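In what follows, a single structure is set out as structure tokens and then discussed.
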Amino acid sequence: KFLGYDFFELEAVVKEVIPGKDGKELNVILDRSPFYAEMGGQVGDRGLLHVPGHDRTEVGQLRITDTQKRGTVFVHRAQLVEGRAPEPGEAVRVSIDINRRQAIQRHHTVTHILHWALHELVSRDAAQKGSYVGPDKLTFDFSSAALTKQQVRDVEKLVNEKVVEGSSVSWTEIP
């Protein structure tokens, strides 16, 4: 179950640990997760998985390097940092890289603003055809005739004006 809209960190139960292709990677499946899986052009979350011992001291730590969705299952691709890997049935503590997630969220929001600006200034028929949304940048592929240099400047200006407004952002989860 994905809980990443409400939690950045939580306890989860390990359902399965599957060795990765290179022998150093582990694929960890949890009963619930705050990690957003890669989809719709948006990259998956990264973070940490802590394996607590019986006295709540840490006996293992894994770095989650990517999160992928396979059917209805979120697969946390991980590398062992220290100690031991978790075992199925074991409770673990997981936390996302919050700064990275927030950078991705900002770029995700800007893709929506960019799409709106294209409709306002270029064509109501401009349709998104693909994108990349990561912590470092975003790309936005769309159907339209090539933009003139003036259209590019106008779209950039309108997008930047909306960003500077600092309007609140909300979300609704739909199927």
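The values are calculated or read from the model by the stated rules, or taken from the named source; none is laboratory data. For clarity, every value in this text was computed on a predicted model and none was experimentally measured. Note that we place each Cβ from the backbone using ideal geometry, even for glycine, and neighbour counts take in every protein chain shown. For accessibility, only protein heavy atoms count, side chains too; no ligands or nucleic acids. Shrake-Rupley method; radii C 1.70, N 1.55, O 1.52, S 1.80 Å.
Determine one quarter of the surface area of the Cα convex hull of the stretch 126-169, which equals its mean projected area, and express it in nm² to one decimal. Numbers along the way, then the final one.
Working: hull surface 16.3 nm².
Averaging across all directions leaves 4.1 nm² for the Cα convex hull.
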Most mobile listed residue (V81, V28, V94) in the chain, GNM with C-alpha springs under 10 Å: V81
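Please compute the Kirkwood hydrodynamic radius over the chain, one decimal place, Å, based on all pairs of different Cα atoms. Mind showing how you got there, number by number?
Details: mean 1/r = 0.0552 Å⁻¹.
It works out to 18.1 Å.
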With every protein chain kept in place and a 1.4 Å probe, the stretch 64-119 has an accessible area per residue in Å² of 51 Å²
Global geometry of the stretch 81-175, whether rounded, prolate or oblate, following the gyration tensor of its Cα atoms and the 1.5 cut on a/c: prolate
Computed [θ] at 222 nm, deg cm²/dmol, the chain (DSSP H ≥ 4; -39,500 (n - 2.57); rounded to nearest 500): -8000 deg cm²/dmol
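How many percent of the accessible area of the stretch 1-133 is carbon or sulfur, using a 1.4 Å probe?
Working: 3610 of 7380 Å².
Its accessible area is 49 percent carbon and sulfur atoms.
Averaging the inverse of every distinct alpha carbon separation and then flipping it gives the Kirkwood radius. What is it for the stretch 34-98, in angstrom units? Let's see the in-between values first.
On the way: mean 1/r = 0.0812 Å⁻¹.
Taking every pair of different Cα atoms in the stretch 34-98, averaging 1/r and inverting gives 12.3 Å.
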How many angstrom separate the Cα center of the stretch 86-129 from the Cα center of the stretch 1-40? 18 Å
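May I ask for the longest run of the chain untouched by trypsin sites (Lys or Arg not before Pro) that are loop-located per DSSP and have at most 14 neighbouring C-beta atoms (other than their own) within 10 Å? Write out the running numbers ahead of the final one.
Details: sites that count: K1, K21, K24, R56, R84, R124, K137.
With a cap of 14 other Cβ atoms within 10 Å, the longest stretch comes to 85-123.
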Nearest 10 degrees, 0 to 90: helix 98-121 Cα axis against the chain principal axis: 20 degrees
Charge dipole (the stretch 93-175, unit charges on Cβ, about Cα centre) - positive-most of V133, V110, W171: V133
Kindly flag which residue pairs out of K15/K69; K1/K21; K1/K137; K1/K24 have an alpha-carbon separation exceeding 21 Å in this structure. K1/K21; K1/K137; K1/K24
I need the GluC sites (Glu not before Pro) found in the stretch 1-54, filtered to DSSP loop residues with at most 14 other beta carbons within 10 Å of theirs. none
Output the antiparallel fraction of DSSP beta bridges having both residues in the chain, as a percent to the nearest 5. 95 percent
Once the Cα atoms of helix 149-165 and of the chain are each reduced to a long axis, what angle between those two axes, in degrees from 0 to 90 to the nearest 10, is obtained? 60 degrees
Cα gyration tensor category, rounded, prolate or oblate, for the stretch 1-68 with a/c compared to 1.5: oblate
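In the chain, once you exclude exposed chymotrypsin sites (Phe, Trp or Tyr not before Pro) (DSSP loop, at most 11 other Cβ within 10 angstrom), what's the longest stretch remaining? Please list the in-between numbers first.
Values: sites that count: Y5, W171.
Counting at most 11 other Cβ atoms within 10 Å as exposed, the longest clean stretch of the chain is 6-170.
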